[in-house]
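Accompanying notes for the structure given below.
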Amino acid sequence: MGLTSSLYSGVSGLTNMGTAMQVIGDNISNVNTMGFKAGRASFQDIMAQSVNTARSGSQVGRGSAMADVEQIFQQGSFESTSSPTDLAIAGTGFFILSNPNKENSIYYTRAGQFSIDQYGYLVNPAGYRVQGWEMEVQPNGQAEIVGAIGDIQISNSSAPVATTQVTVAANLDSRINDPVSNNSLVKDWIANNGVLTANVHYEYSTSLNVFDSLGNTHELTTYFDRTNTEREWEFLITMNPTDDRSGLTGADKGLLMRGFIRFTPQGQIDAIYDKLVTKVDIDGDGVLDTIDAGYEFTFEQLEDISATNTLDIQVGGATYTLTAYDPATNTVQVQGLDLDGDGVDDYVSFDTTETDIKRYTVHVVGFDRNGDGDVTDAGEPVAGADLNGDGDFSDAFESGPFEIENLYNLPTDGLPIDSDGDGAADYTIVGYDHENKTVDIDTDGDGVADETGVSISTEGRWTSVTYGEHNYPELKAYFLPPSGEIDQISGYDTSAQVIEFNFGAKPETVTRNEDGTYTVSSNWETEAITTTQYANRSSTLFYDQNGFGAGFLESLSVDDQGIISGSYSNGRIVALAQVGLARFNSPKDLSRAGGNLWQETTKSGAPITGQPRTNGLGSIASNALEQSTVDIGTEFVKLITTQRAFQANSRLITTTDDMLNELLNMKR
């Protein structure tokens, strides 16, 4: 009969209200649990029982049942903290955690109470590791994620970063009209064994420290001196000769780059270049004559001209000998030219053409094939090297001595050498021993070495600079000894440190040609911070470099994209990792795993992972924790209503019991 059913209806109500009270108790007990999401109990009626009534069939309910106990995933308030690794999610998503002691155990949480453990991993209080991506700084200076998502590990130390770019901006006093020294900066450097004196050899200098790949510091100094040309300054970049490990042994140790800076009438950089002598008043008639192609000579050769080191040139097919250079009058002496009949050869003027900026590198100048200690004998000097193997010695960089790196990876057929300057190979280098600085030579073209262990002779030579990815000219320094191995990207020795040098201006366009030369625009663009020539004393306006020594982690910071950056004792701030987030189509169907953790279920759907602020995921707040979403006031109201419902259901049972007692008493 219906009385018995009403008992069970009351029982179902008591059971459900007890469960609801358990949910409320769980909520209240987690009112201060970070990242906790309040639960909600919902109910449904039980399938009704059909009964016969005057209107035919009707239904009577049989009580209630639990419909669901779900987590309400609404945004919680943030609590500020003093720890940068305390993280909160503003918006959708969960932090991803992995149990290091259990394979493939992935959990999800909104509680961002993280810290660094003894192994450098970012972990929650239970030791579960936060998942994310490692980040690396790319050549363009931007940090990007690399690899797959995994445990976030923070490095406690920062490896040294070799300097690859230097910026020096100076003001050079426009009131200076004459050079301090009649010699070039290079000539004075060599003459004084790398010791230049202010107001004796140069007008102004500025220095800064750069770092090698091991974190050692080295001083680069840039010297400036006025030239006799209007608005033109010579510059020379050097390193401390004792730091030069390139293999040079003479007074030229420490030389790195040379050139000239021409300024506009407004004091801005107009161009940076070196000089090539292309015209000379060879007959003293006051008209500059063009030197024949192939006989133009460099500023370095000009300064070396003397009675014991003459220079032969051709003009109009005729050969002339230059016997002296006078830097004070900027003229050269021509042998046999005596216009005034005083028995002394006269000096004539010359002119130069702007050419590539030069850098100083080690070149192979000859091979001591007879072992007499010099390379002046026939067959020993290097007049050319067929570096590209096309049988032609007239290509770029193939005329004359060549950079020593070309011996590191010799072609399969060897490196042909022109020793007498006739444009044909005289022998072939087929082997190189870096440690002993010797080569093996094939003299008969059969590919087999006929002369082995031949010592090489090297000298420092000026060669055209290359240009880096930012279009600044590059110098090459050896702070570490040459390794004898080629860097496949740069083409230089792996110990060579290539540094872009920026005076605050660069060519509008730089094109690298197939033969390794560069086509450089004659127009130079000045930057906001640049070298100037104003009527003010010479001074350094700005200098900077992008290298770092070794450092140790001092602090961490996390931005709104979840990028964790480390601040190190060497002044470097490095993007180390990016926190990963995951979202679910049905987060209420996640399975609670305890410890503020959830796990994926079939009903929740697969996680959709990504970086914060992408793919519908929220952003990250550092130095903050998300508070529990439990509202005490709301829970107390639910507590009262649940208690009343429980009381009513218990009263239903007692009342039904009284009615059953009345029914039993009818027999009496």
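The values are calculated or read from the model by the stated rules, or taken from the named source; none is laboratory data. Nothing here was measured: the structure is a model prediction, and the numbers come from that model. Cβ coordinates were reconstructed from backbone atoms using ideal geometry, including for glycine residues, and neighbour counts include every protein chain displayed. For accessibility, only protein heavy atoms count, side chains too; no ligands or nucleic acids. Shrake-Rupley method; radii C 1.70, N 1.55, O 1.52, S 1.80 Å.
Of the residues 375, 430, 448, which is open to solvent by 30 Å² or more (accessible area, probe 1.4 Å), out of contact with any helix residue (DSSP H, G or I) (no Cβ under 6 Å at 6 or more places or on another chain) and either touching a residue at least 24 places away in the same chain (Cβ under 8 Å) or part of a strand (DSSP E or B) (or both)?
Criteria check complete, one pass: 430.
Do any strands (runs of 3 or more DSSP E) lying entirely in the stretch 59-171 carry at least 1 residues that are within 30 Å of the chain's Cα centre (by Cα), and which ones are they?
In the stretch 59-171, 87-90, 94-98, 129-137, 143-151, 165-171 are the strands (runs of 3 or more DSSP E) which contain 1 or more residues that are within 30 Å of the chain's Cα centre (by Cα).
Residue 309 - would you say it is open to solvent by 70 Å² or more (accessible area, probe 1.4 Å), over 31 Å from the mean Cα position of the chain (by Cα) and of a type in the set (S, T, N, Q)?
The answer is yes for residue 309.
Could you please find all residues in the stretch 503-519 being outside any loop (DSSP other than H, G, I, E, B) and either closer than 17 Å to residue 235 by Cβ or open to solvent by 80 Å² or more (accessible area, probe 1.4 Å) (or both)?
Across the stretch 503-519, the qualifying residues are 505, 506, 507, 512.
I need every pair where a residue in the stretch 272-292 that is touching a residue at least 40 places away in the same chain (Cβ under 8 Å) and part of a strand (DSSP E or B) has its Cβ under 6 Å from the Cβ of a residue that is open to solvent by 20 Å² or more (accessible area, probe 1.4 Å) and among the aromatic types (Phe, Trp, Tyr), sequence separation at least 6 or different chains.
Every condition considered, the pairs that remain are 275/299; 277/350; 280/350.
Just wondering, is there one or more residues in the stretch 472-488 that are farther than 20 Å from residue 511 by Cα, assigned to a strand (DSSP E or B) and open to solvent by 20 Å² or more (accessible area, probe 1.4 Å)?
The answer is yes, given that some residue of the stretch 472-488 is farther than 20 Å from residue 511 by Cα, assigned to a strand (DSSP E or B) and open to solvent by 20 Å² or more (accessible area, probe 1.4 Å).
Note down all Cβ pairs under 6 Å where the first residue falls in the stretch 639-667 and is on the phi < 0 side of the Ramachandran plot, the second is of a type in the set (Val, Ile, Thr) and surrounded by 12 or more Cβ atoms within 10 Å (Cβ to Cβ), and they're at least six residues apart or on different chains.
Final answer for the pair search is 639/24.
Listed here are the residues, each with its yes/no results for (1) closer than 18 Å to residue 597 by Cα; (2) among the hydroxyl-bearing types (Ser, Thr, Tyr); (3) open to solvent by 40 Å² or more (accessible area, probe 1.4 Å).
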{"site": "5", "(1), (2), (3)": "no, yes, yes"}
{"site": "21", "(1), (2), (3)": "no, no, yes"}
{"site": "26", "(1), (2), (3)": "yes, no, yes"}
{"site": "29", "(1), (2), (3)": "yes, yes, yes"}
{"site": "34", "(1), (2), (3)": "yes, no, no"}
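Is there a residue in the stretch 569-583 that is assigned to a loop (DSSP other than H, G, I, E, B), basic (Lys, Arg), open to solvent by 30 Å² or more (accessible area, probe 1.4 Å) and farther than 19 Å from residue 131 by Cα?
yes
Residue by residue through the stretch 127-139, note down the ones that are closer than 24 Å to residue 34 by Cβ and exposed (fewer than 14 other Cβ atoms within 10 Å of the Cβ). Talk me through it step by step, then tell me what you get.
Residues of the stretch 127-139 closer than 24 Å to residue 34 by Cβ: 127-132.
Residue satisfying the conditions is 127 alone.
Under the condition of being of a type in the set (A, V, I, L, M, F, W, C) and closer than 17 Å to residue 433 by Cα, which residue from the stretch 403-418 is surrounded by the fewest Cβ atoms within 10 Å (Cβ to Cβ)?
Step one: of the stretch 403-418, the residues of a type in the set (A, V, I, L, M, F, W, C) are 404, 407, 410, 415, 417.
Okay, now just the ones that are also closer than 17 Å to residue 433 by Cα, so 404, 407, 410, 415.
On the way: 404: 21, 407: 20, 410: 16, 415: 22.
Filtering first and then ranking leaves 410.
Exactly one of (1) outside any strand (DSSP E or B); (2) surrounded by fewer than 20 Cβ atoms within 10 Å (Cβ to Cβ); (3) at pLDDT 95 or above; (4) not small (Gly, Ala, Ser) is unmet by residue 189. Its number?
So residue 189 meets the others, but not (2).
Say whether the condition of being buried (at least 17 other Cβ atoms within 10 Å of the Cβ) and hydrophobic (A, V, I, L, M, F, W, C) is met by at least one residue in the stretch 595-605. Working first, answer last.
Start the filter on the stretch 595-605 by keeping residues that are buried (at least 17 other Cβ atoms within 10 Å of the Cβ), which leaves 596-598, 600, 604.
Filter once more, keeping what is hydrophobic (A, V, I, L, M, F, W, C): 597-598.
Within the stretch 595-605, one or more residues are buried (at least 17 other Cβ atoms within 10 Å of the Cβ) and hydrophobic (A, V, I, L, M, F, W, C).
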